[in-house]
Amino acid sequence: MNFALNEEQQMIVDTVRGFVETEIYPHENEVERTGIVPKELGQEIARKCKDLGFFACNMPEEVGGAGLDHQTFTLVERELGRGSMGLTVFFGRPSGILMACNDEQREKYLIPAVKGEKFDALAMTEPDAGSDVRGMKCFAKPDGNDWIVNGTKHFISHANIADFVIVFIATGEEETPRGPKKKITCFLVDRGTPGFEIRNGYDSVSHRGYKNCILSFDDCRLPSSAILGEVHKGFDIANDWLYATRITVAATCVGRARRVFDYALPYAAERKQFGKPIGANQGVSFKLADMITEIDAADYLTLAAAWRLDQKLPANREIASAKLYASEMLSRITDEAIQIYGGMGLMDDLPLARFWRDARVERIWDGTSEIQRHIISRDLLRPLGA
């Protein structure tokens, strides 16, 4: 594995970082204050992203994307991680699950999503089914060639700006050695479909402006043509998406941690107490040493997981390790940065308190830290029959 950036990758990193610094940073304080991203601002960010040629950079070239490999796209996500998620969501990275679209669905959903004409959101979590996704209660029953859907989804990220939602719904049940488990099917559901409602979700202390929503289905009738993939085979396409989103979480955590460190390091060198910079004291300098070591370790772990995907090697454990370590690392880095700043670290004059609050959710969404530890330990023990 060689993680030295080639010329193209360095250009991409420099371009995306410059975009975040010039187009995202100036609006962050207002979004943090109001919790709202004006529609016009979101559209402007998406337009500028298209002008740069980065919109849908995660999608294959044959459908109009940039066709970046996993490692290079991870670098893009790392740089986007420096900015407010409420704003960077408009950078435009359609869900890779859409590659499972059939010919008709490609024209209606995939191609418009790649062109930036439509935004998608993905819905799996329910009030009673978080980590236990097979425990979902949102259920679709067949009715001729249609399906009648009833139930609720919540914590659905950026569904407020979505034109359609990729929804995972229980469509049956099967017996397993561990008891009955739901069969899951994936549906494409348009905003405005009768019986389908997207409502505002909960106010969160993390990532203000990046909205979560509640989806409700009340005798919502969906045609069989809305099924993405095959009936009862929703998890077959979900697994690839989970790989991608967990690497994304790890990468954004690394990017945000590096931004936090960029605040802590110069402050430690400039701030004086007892006649010398506080960084001259081991109590502070050792913190800096530990911080950069953890950031680098998370960075390399994340790039290594992406590299394995590019090499088409098994990567389930490596991706879980990257997501686990990077998300927990970010919490430690933001906490230590505030400690270095002292009381000022908690004041609204600086963004450190925001980074600290934002960091907390990274250990929960896209698979909690406990789920990642379960994946890792299962991968280690199963070959030994345990």
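Using the structure shown, decide if ASP335 is open to solvent by 40 Å² or more (accessible area, probe 1.4 Å) and either outside any helix (DSSP H, G or I) or modelled with pLDDT under 95 (or both).
Working: open to solvent by 40 Å² or more (accessible area, probe 1.4 Å): yes; either outside any helix (DSSP H, G or I) or modelled with pLDDT under 95 (or both): no.
Taking the combined requirement at face value, the residue does not satisfy it.
Listed residues ALA264, ALA251, ALA226, ALA280; which is under 22 Å from the mean Cα position of the chain (by Cα) and of a type outside the set (Asp, Glu)? Break it down stepwise before answering.
Numbers: ALA264 fails: under 22 Å from the mean Cα position of the chain (by Cα); ALA226 fails: under 22 Å from the mean Cα position of the chain (by Cα); ALA280 fails: under 22 Å from the mean Cα position of the chain (by Cα).
The match here is ALA251.
Can you find a residue in segment 332-348 that is within 23 Å of the chain's Cα centre (by Cα) and closer than 26 Å to GLY130 by Cα?
yes
Please work out which residue is farthest from the chain's Cα centre (by Cα), limiting yourself to segment 177-216 and to residues that are of a type in the set (S, T, N, Q) and open to solvent by less than 40 Å² (accessible area, probe 1.4 Å). Explain how you work it out, then say what you get.
To start, the set of residues in segment 177-216 that are of a type in the set (S, T, N, Q) comprises 185, 193, 200, 204, 206, 212, 216.
Next, only the ones that are open to solvent by less than 40 Å² (accessible area, probe 1.4 Å) stay: 185, 193, 206, 212, 216.
Numbers: THR185: 22, THR193: 26, SER206: 13, ASN212: 13, SER216: 23 Å.
Ranking the qualifying residues of segment 177-216, first place goes to THR193.
Just to be sure before I move on: is ALA46 under 25 Å from SER206 (Cα atoms) and not charged (D, E, K, R) in the structure I sent? Full working, then the answer.
Numbers: under 25 Å from SER206 (Cα atoms): yes; not charged (D, E, K, R): yes.
Yes, satisfied.
Which residues, counting only those in segment 363-374, are in contact with a Leu (Cβ under 8 Å, 6 or more places away or on another chain) and farther than 14 Å from PHE155 by Cβ? Give the steps one after another, and end with the answer.
Let us first name the residues in segment 363-374 that are in contact with a Leu (Cβ under 8 Å, 6 or more places away or on another chain), namely 366-367, 369, 372-373.
Within segment 363-374, SER369, GLN372, ARG373 meet the criteria.
Restricting attention to segment 363-383, does a residue exist that is closer than 23 Å to LEU68 by Cβ and either out of contact with any Gly (no Cβ under 9 Å at 6 or more places or on another chain) or surrounded by 16 or more Cβ atoms within 10 Å (Cβ to Cβ) (or both)?
Just the residues of segment 363-383 that are closer than 23 Å to LEU68 by Cβ, to begin with: 366.
In the following step, the residues that additionally are either out of contact with any Gly (no Cβ under 9 Å at 6 or more places or on another chain) or surrounded by 16 or more Cβ atoms within 10 Å (Cβ to Cβ) (or both) were identified as 366.
Yes.
Go through THR74, THR34, THR22, THR15 for me and flag whichever is of a type in the set (Ser, Thr, Tyr) and under 30 Å from PRO314 (Cβ atoms).
Numbers: THR34 fails: under 30 Å from PRO314 (Cβ atoms); THR22 fails: under 30 Å from PRO314 (Cβ atoms); THR15 fails: under 30 Å from PRO314 (Cβ atoms).
Sole residue among the options that is of a type in the set (Ser, Thr, Tyr) and under 30 Å from PRO314 (Cβ atoms): THR74.
Which ones in segment 276-305 are in contact with a Ser or Thr (Cβ under 8 Å, 6 or more places away or on another chain), open to solvent by less than 20 Å² (accessible area, probe 1.4 Å) and among the hydrophobic types (A, V, I, L, M, F, W, C)? Give the derivation first.
At the first step, the residues of segment 276-305 found to be in contact with a Ser or Thr (Cβ under 8 Å, 6 or more places away or on another chain) are 279, 301-303, 305.
Still in the running and open to solvent by less than 20 Å² (accessible area, probe 1.4 Å): 302-303, 305.
Within segment 276-305, LEU303, ALA305 meet the criteria.
Restricting attention to segment 133-151, and to residues there that are assigned to a strand (DSSP E or B) and loosely packed, with under 14 Cβ neighbours inside 10 Å, which single residue is farthest from the chain's Cα centre (by Cα)?
Within segment 133-151, the first condition is being assigned to a strand (DSSP E or B), and the residues that meet it are 139-143, 146-151.
Checking which are loosely packed, with under 14 Cβ neighbours inside 10 Å leaves us with 141-143.
Numbers: LYS141: 31, PRO142: 33, ASP143: 35 Å.
Checked segment 133-151; the qualifying residue farthest from the chain's Cα centre (by Cα) is ASP143.
Checking ASP358 against (1) more than 16 Å from the chain's Cα centre (by Cα); (2) in a helix (DSSP H, G or I); (3) not hydroxyl-bearing (Ser, Thr, Tyr), only one condition comes out false. Which one?
For ASP358, the failing item is (1).
Under 8 Å by Cβ, and 6 or more places apart or on different chains, what pairs join a residue from segment 273-299 that is more than 14 Å from GLU336 (Cβ to Cβ) with one that is in a helix (DSSP H, G or I) and charged (D, E, K, R)?
PRO277/GLU270; ASP299/ARG78
Do the conditions hold for PHE73, that is, is it of a type outside the set (D, E, K, R), closer than 30 Å to ASP103 by Cα and touching a residue at least 24 places away in the same chain (Cβ under 8 Å)? I'd like the intermediate steps shown before the answer.
Details: of a type outside the set (D, E, K, R): yes; closer than 30 Å to ASP103 by Cα: yes; touching a residue at least 24 places away in the same chain (Cβ under 8 Å): yes.
It is true that PHE73 is of a type outside the set (D, E, K, R), closer than 30 Å to ASP103 by Cα and touching a residue at least 24 places away in the same chain (Cβ under 8 Å).
The values are calculated or read from the model by the stated rules, or taken from the named source; none is laboratory data. Predicted model, so just to flag it, every value in this text is computed and none were measured. Ideal geometry is used to build each Cβ from the backbone, glycine not excepted, and the neighbour counts take in all protein chains shown. Ligands, DNA and RNA are stripped out before the accessible areas are found, and what is left, the full protein with its side chains, is counted by its heavy atoms. Shrake-Rupley method; radii C 1.70, N 1.55, O 1.52, S 1.80 Å.
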